[in-house]
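Data first, discussion second: the structure below is written as structure tokens.
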Amino acid sequence: MTTAHLEAEILKLPRSVRAQLAERLIASLDEETDIEKAWILEADRRYQAYLNGEGSVVSASSVMAAIRKEFNL
């Protein structure tokens, strides 16, 4: 079955069924990849380190000032 044929068959379905199918298809695109999962774990690790007082913290204004200085903005 080709994509075009599948699309034609889906468009024959009632609107409510197409809406449900569309929701499921969109949800399937939002599944976390291994990379996303790794970033979530890293963010959690960094947040826990912050809560435990480990490492250093730099304010957003300091970061932006350094970027402006670096790029002569």
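Coordinate-derived values only; no laboratory data. Please read all numbers here as calculations on a predicted model, not as lab measurements.
Results, tabulated for the structure shown:
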read-out: Average projected area [Cα convex hull, the chain], square nanometres; value: 10.4
read-out: Computed helical MRE - 222 nm, the chain, DSSP H runs ≥ 4 contributing -39500 (n - 2.57), nearest 500; value: -23000 deg cm²/dmol
read-out: Table column - 3J(HN,Hα) (Hz), the range 67-73, Karplus curve with 6.51, -1.76, 1.60, x for Gly and Pro; value: 5, 4, 5, 4, 9, 6, 9
